[in-house]
1. Hey, residue A:95 hits all of (1) open to solvent by 50 Å² or more (accessible area, probe 1.4 Å); (2) more than 13 Å from chain B (Cβ to nearest Cβ) but one; which does it fall short on?
2. Looking only at segment B:32-61, how many residues end up being part of a loop (DSSP other than H, G, I, E, B), within 7 Å of DNA strand D (Cβ to nearest atom) and open to solvent by 40 Å² or more (accessible area, probe 1.4 Å)?
3. Among the residues of segment A:184-221, what is the count of those that are free of Cβ contacts under 8 Å to residues at least 40 places away in the same chain, at the interface with another protein chain (Cβ under 8 Å from one of its Cβ atoms) and within 30 Å of residue A:96 (Cβ to Cβ)?
4. List the number of the failed condition for residue B:75; all other conditions in (1) assigned to a helix (DSSP H, G or I); (2) open to solvent by 50 Å² or more (accessible area, probe 1.4 Å); (3) closer than 21 Å to residue B:218 by Cβ hold.
5. Hey, does segment B:110-117 have a residue that's assigned to a helix (DSSP H, G or I) and either more than 14 Å from every other protein chain (Cβ to nearest Cβ) or free of Cβ contacts under 8 Å to residues at least 12 places away in the same chain (or both)?
6. Residue A:105 is checked against (1) buried (at least 20 other Cβ atoms within 10 Å of the Cβ); (2) touching an Asp or Glu at 6+ places or on another chain (Cβ under 9 Å); (3) at the interface with chain B (Cβ under 9 Å from one of its Cβ atoms) and fails just one. What number does that condition carry?
7. Are there any pairs with C-beta distances below 7 angstrom linking a residue in segment B:48-68 that is outside the structural domain of residue B:117 (by TED's automatic domain parsing) to a residue that is more than 7 Å from DNA strand C (Cβ to nearest atom) and open to solvent by 50 Å² or more (accessible area, probe 1.4 Å), with the two at least 6 apart or on different chains, and if so which?
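The values are calculated or read from the model by the stated rules, or taken from the named source; none is laboratory data. A quick note: this is a predicted structure, and the numbers were derived from the prediction, not measured. Here Cβ is always computed from backbone atoms with ideal geometry, including for glycine, and neighbour counts include all displayed protein chains. Keep in mind that these areas ignore ligands, DNA and RNA; they rest on the heavy atoms of the full protein, side chains included. Shrake-Rupley method; radii C 1.70, N 1.55, O 1.52, S 1.80 Å.
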Number of protein chains: 2
Amino acid sequence: MTSVPVPPWRAERKKAPRRSLSREAIVTAALHVVDAEGLDALSMRRVAQELDTGAASLYAHVANKEELLELLLDRIQADVTRPEPDPERWQEQIKELARQGRGALVAHRDLARAAIGQGIPFGPNALLNAEAMLAILKAGGLSDQVCAYGVDALALFITATAVEESLRSQGFGESGVTLDEQIVRIREYFGSLPPEGFPHITGMVDALMRDEGDERFEFGLDLLVSGLARHAPA
Amino acid sequence: MTSVPVPPWRAERKKAPRRSLSREAIVTAALHVVDAEGLDALSMRRVAQELDTGAASLYAHVANKEELLELLLDRIQADVTRPEPDPERWQEQIKELARQGRGALVAHRDLARAAIGQGIPFGPNALLNAEAMLAILKAGGLSDQVCAYGVDALALFITATAVEESLRSQGFGESGVTLDEQIVRIREYFGSLPPEGFPHITGMVDALMRDEGDERFEFGLDLLVSGLARHAPA
DNA sequence: CCTGTTGGACGAACGCCGTTCGTGTTAAAC
DNA sequence: GTTTAACACGAACGGCGTTCGTCCAACAGG
């Protein structure tokens, strides 16, 4: 039986066995898409394309797009480092954790938008972070109820400011307009409002539009943390 | 020329001239859809159906769906009543305005979800409400910058808690499961976590899941307002 | 009264989307 | 070597936002 070459049009019909698909790989691919093209570009077809396959193949590993988003959000929570609670420094530790949580979100374009409207996050990393925050608040001497409401308010604030930031740094979704142009435009609009009807808005344009690094976030964060501190025993 | 009745199959080919379409009517119809079926059911086709027409007809009055959502959000802001600033009561007035803003959102199912990720609202009612908030804060003696960051933080908090509330009261988007069942389920899940890994979550289940009216919202609101008060002159 | 113009109404279609179904393929179990 | 169960995946379904071309009602000018 001499070996006969197979007809070329039959050989190599599949280049690879493609046995590589997995939850992890899918989430990683989805994160690549979000980082490269933004949340709106994240579709099942687009993720599948990233993996050289079809959209249907994803459903063997992921229930639906919503679950994929949950996995995505939990994945990025993995890179916050949780400090050992130090009762003396609980306020600064809370702030540091909040900064990291926000940083993890804004590091991935407008992914934060997916975090809103997703209910309580139950992923393993989300739970670890929540536990860490509760531990720090508790170390600060706060009551259970204040701790509970506190993490809730902080989580809300972190997510909301992350969304705001991603909108701010992405030209407000409009195309063909740079961020600076858009800001100038808004300033002009605010300035052009009738001063008799909007004395404060027109009078505070500079303060309203001010955007110096993380000042906005830090201001709100301090509001919350120092408010929580007032609930701590003297 | 005696008047001859037109053949019945020719008469009334169109029941009405349908000259009724307008921006106002479209926004009203859209609000009906959201109130009746939720934000996910709000499509251009669905709104058009509500007006006995086709989706294409809407585009003569509304640029696109995004603009329709903006109009919708501004419409519901119309029913907050803005108090005359009273420097003696500025904290309570801010809280009252915040409660109304949140109330307007949660009164329309999960419409709040559309408010996130929409940038700064520029509608007339939104501007009036922002102006009113600035006026009250200013009457409280706060600096321009504190006023500006303050309204921002308050607006973020109002929207975020409204979204949270709408999720909470709508069974977390899952179908066929009542709200109470879902809450019980979450409590069980939290309770079943390994206590050595999650001592605080497992120890605070009751505090974490507590849902007594607007306690959560009022707690966070007081955090923010009393934090702002610390920036006021003594 | 006729005619020309114009702006809104609207059916059909385009290119997306999330998801499902049926079939093909392959690697492990027997 | 054969069976079996899990995975891969093309095709299709119903729905979406939006655009295009056509149609028609109402008005303007003669």
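1. It is condition (1) that residue A:95 fails.
2. Restricting attention to segment B:32-61, the residues satisfying the condition of being part of a loop (DSSP other than H, G, I, E, B) are B:38, B:42-43, B:51-54, B:59-61.
Then drop every residue that is not within 7 Å of DNA strand D (Cβ to nearest atom), which leaves B:42-43, B:59.
Now drop any that are not open to solvent by 40 Å² or more (accessible area, probe 1.4 Å), which leaves B:43, B:59.
Residues that pass the stated criteria total 2.
3. 5
4. Only one criterion is unmet by residue B:75, namely (3).
5. The initial filter retains those residues of segment B:110-117 that are assigned to a helix (DSSP H, G or I), namely B:112-115.
Applying the additional criterion that residues be either more than 14 Å from every other protein chain (Cβ to nearest Cβ) or free of Cβ contacts under 8 Å to residues at least 12 places away in the same chain (or both) yields none.
No, segment B:110-117 has no match at all.
6. (3)
7. B:50/B:32; B:55/B:45; B:61/B:23; B:62/B:23
The rows are residues; the columns are (1) charged (D, E, K, R); (2) outside any loop (DSSP other than H, G, I, E, B); (3) in contact with an Asp or Glu (Cβ under 6 Å, 6 or more places away or on another chain).
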position: B:153; (1), (2), (3): no, yes, no
position: B:156; (1), (2), (3): no, yes, no
position: B:160; (1), (2), (3): no, yes, no
position: B:180; (1), (2), (3): yes, yes, no
position: B:191; (1), (2), (3): no, yes, no
position: B:195; (1), (2), (3): no, no, no
position: B:200; (1), (2), (3): no, yes, yes
position: B:213; (1), (2), (3): no, no, no
